[in-house]
Amino acid sequence: MAIKTKNIIDFKSEAGRILLTSMGALLLLMVSAVFLSSYLETQLGSFKEVVFLGLAMVIALGAQWFLLKTIQSPQVLSPEERVHTTNEKLRHILNSITRQVESALGIKNTAVGGIENPADMLAATLIQCVAIMSEQVQSLLSALQMGSNESLEEARQSFIPLIDKTAETITQYLHVSQNIDNQLRERINETQQLLLNLRRELATVPQNQQQDTSQLFACIRQMGDVLETHLLIDNVVKKQLEVVTHDTNDSAFTLITLMRDLSDQAGNLVRYITETISKINAMENGVDESVGYIVRIGHFIQDIPEKIQRDIQAIQSASGVIDSLSYLVDSIKEISFQTDILAVNAAIQAAHAGDAGLGFKIVADEVRKLAVNSNKAAEMIEAGLDTARHTIHEGLKFKFLEEVMQQMNEAAQMMDSVKKLQEGHEDMRQYYKTLFTVINQSNMKLAQDISEILGSIQYQDIVRQRIERMQAAMQRRNELLQEFAIQLDVTSGNNMDDFATALNAVLNGYLEEESYHGNSLNSSDDGDQPPKFELF
Amino acid sequence: MAKTILLVDDSVTMLMSVKNNLEIAGFKVETAEDGVKALAKLTAGLKPDLIITDINMPNMGGIELIKKARVLPGFRFMPILTLTTEASQGKRDEGKAAGATGWLVKPVGGADLLKIIKQVLPGA
């Protein structure tokens with residue numbers, strides 16, 4: 001509604017009164033000057049005109065100044081216009097508050113075309129971050145289960161930027177929370193200032209016009225009630241934002257600490273496994289060497305029976321030859337015996353022949369000597385063969401003993417090798433045992449850390465729910481404030497008793513709903529709260 | 001054989017967090033985003049050893065889910081834990097009356113959760 005313009009010099013108005021008074025004062029001074037001229041002439045002499053002119057100039061300038069000030073001063077308004085102007089100001093401020101609170105809380109403004117809710121946006125980012133982190137944790141676990149050093153290191157490497165990303169997201173989250181808090185504080189200060197201004201303005205209304213402004217008084221009182229409740233809501237929201245900030249901060253700190261610890265653990269595990277792999281390689285070389293010994297000994301032992309068999313065959317063959325030679329000796333002996341008998345018979349026949357047989361007797365004697373010598377030779381051969389046979393048998397016996405001794409030595413060597421191998425295997429077994437103990441401990445620590453990280457992530461849900469409840473309360477409050485602003489415009493402050501009550505109901509509803517949920521700030525010092533975990 | 005737990009929560013973060021913890025501990029985990037979906041799984045033949053449910057969920061909340069699950073054949077004595085931000089005694093009493101076995105207020109760390117599960121699932 002346009003403000004009606006008044007005439008500049010309106011004698012009913014305050015400015016008119018001031019101008020009239022000033023002009024009266026000037027006239028009075030001029031009349032006084034005329035009457036006082038003889039007195040001034042006596043006192044000042046020739047300076048009379050100068051002093052009078054100066055006084056007149058001062059009075060004229062003063063009157064001019066009053067006149068100008070009155071013209072430039074704000075237009076004087078009627079009580080209805082004053083109420084309307086105040087309402088306009090209030091509506092403007094309320095709209096401003098509403099917009100700024102909406103902007104601060106990130107409530108989607110469909111009229112503007114959809115501003116993204118920063119809390120939702122950050123919650124989505126956090127969820128996304130948590131999802132990626134969960135995948136990374138899963139891949140870390142898979143890598144641990146697979147026992148692959150490369151995959152573990154790869155998982156760990158991809159884990160590190162994620163920690164930074166989470167920290168960054170949580171910092172943004174904290175920043176937005178802080179921003180909302182600051183803006184709410186500003187709104188509280190603005191509303192307080194508004195109340196003060198309104199009261200000051202009321203105080204400037206002249207007493208005789210206060211009856212006309214009773215409607216304005218009532219409106220201001222209602223406005224005061226509404227704003228007081230508004231302040232209460234803002235204070236409650238501020239406290240809840242502190243809780244949210246506290247929870248988010250704690251959760252972020254725990255998360256980052258645990259994730260760094262997790263990364264360190266994974267790093268230690270990777271280093272340990274790398275060292276272990278090189279040691280295992282060295283041990284495997286030792287075991288391979290021992291296995292080589294055993295394989296050679298095995299071949300040797302495999303060959304032993306064959307060699308012995310060959311030797312025995314050779315000896316048996318030689319023994320057969322000696323036996324066949326024994327038949328020959330017997331034949332020689334037989335021939336020698338028959339030759340001897342033949343020689344004896346020949347000697348007998350030579351004796352019967354007398355002198356004629358003397359020559360034959362000599363031959364017979366020689367034949368007999370030959371037979372005896374043949375027999376002796378046969379016996380010598382037999383003795384030699386016996387000696388040979390004996391030597392072969394004894395040699396065979398000795399050879400076997402030697403082979404057995406050899407076998408014993410080889411067996412002893414094999415035992416040493418086996419012992420070495422056993423020691424190698426025992427070392428390796430112990431080493432693996434230690435390795436698996438360490439890996440197991442690291443895995444348990446990792447699993448514990450992962451479990452705690454996953455527990456801390458639950459704060460995201462708690463914070464989300466708290467912000468959602470806060471947003472719902474703010475939405476209800478904003479709707480009421482908008483309706484309040486419309487009512488101010490339509491009724492100029494009439495029929496607005498219910499707004500303070502309605503706002504109070506919003507506040508009480510929010511407080512009641514909030515009391516049903518755990519409060520991390522109060523939980524430590526409020527002994528009356530039910531336990532966190534309870535089995536019925 | 002691994003015991004099966006049905007986890008019901010409308011928060012993706014919660015499902016992920018608790019599911020991972022339980023799987024690391026060796027449980028088989030089934031999930032549902034609200035009471036309606038959980039009940040559909042139960043009526044379709046899923047027979048978990050334990051149900052862990054949120055209270056405030058869209059479509060069907062935890063209290064209603066517990067009430068409806070309790071009347072299903074074979075679910076009368078099954079342990080059902082709640083995992084919620086609701087901490088008031090009134091809500092607890094409501095949960096107890098509906099047939100909940102225990103009341104857990106978020107957040108619950110991995111070690112604490114396993115300790116409580118061992119109490120309601122002997123031998124787990």
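Just so it is clear, none of the values below were taken in a lab; they were calculated from the coordinates. Predicted, not measured: the structure shown is a model, and the values here were computed from it. Neighbour counts run over all protein chains shown; Cβ positions are idealised from the backbone, glycine included.
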_Across B:K3/B:K115; B:K47/B:K106; A:K532/B:K41; B:K3/B:K91; B:K41/B:K118, pairs whose alpha-carbon gap is larger than 21 Å_ = B:K47/B:K106; A:K532/B:K41; B:K3/B:K91; B:K41/B:K118
*So, by mean Cβ neighbours within 10 angstrom, what's the order for A:431-441, A:503-513, A:373-383 with the highest one leading?*
A:503-513, A:373-383, A:431-441
*Could you give the nm distance between label points at A:D303 and A:A377, where each point is 7 Å from its Cα heading toward the beta carbon?*
4.7 nm
_Lysine pairs in the range A:290-432 with Cα distance under 18 Å, only those 8 or more apart or on different chains: how many are there?_
5
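Per residue of B:88-97, count partner chain C-beta atoms within 10 Å of its C-beta, then hand back the mean as an integer.
Average neighbour count from other chains, rounded to a whole number: 3.
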*asked:* Please arrange A:D355, A:D250, A:D225 by how many other C-beta atoms lie within 10 Å of their C-beta, fewest to most.
replied: A:D355, A:D250, A:D225
*Virtual spin-label span in nm between A:H425 and A:A356, 7 Å along Cα→Cβ*: 10.1 nm
_With the crude spin-label approximation of a point 7 Å out along Cα→Cβ, what separation in nm comes out for B:E64 versus A:L26?_
8.4 nm
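What is the calculated FRET efficiency for B:L121 to A:K433, with r their C-beta to C-beta distance and R₀ = 45 Å, to the nearest 0.05?
Between B:L121 and A:K433 the formula returns 0.85.
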*Taking H as built 1.01 Å from N, whose amide H comes closer than 5 Å to the amide H of B:T31, not counting residues under 5 places away?*
B:L7
*Could you calculate the contour length gain from A:S319 to A:D498, that is, 0.36 nm times the residue separation minus the distance between their Cα atoms, to one decimal place in nm?*
50.8 nm
_Let me check against my output: what whole-number percent is the relative contact order of the range A:290-432, with C-alpha pairs under 8 Å and at least 6 apart?_
36 percent
*Rounded to the nearest 0.05, what FRET efficiency do A:V236 and A:K532 give with R0 = 22 Å and r taken as the Cβ-Cβ distance? Could you check?*
0.40
_Using Cα-Cα distances under 8 Å and only pairs 6 or more residues apart, what relative contact order does chain B have, in percent?_
23 percent
*Go through A:267-275, B:25-33 and give me the packing order, highest mean Cβ count within 10 Å leading.*
B:25-33, A:267-275
*Starting from the Cα coordinates of the range A:290-432, work out the convex hull volume and express it per residue in Å³.*
73 Å³
*Between A:N268 and B:L46, what is the FRET efficiency for a Förster distance of 45 Å, r being their Cβ-Cβ separation, to the nearest 0.05?*
0.65
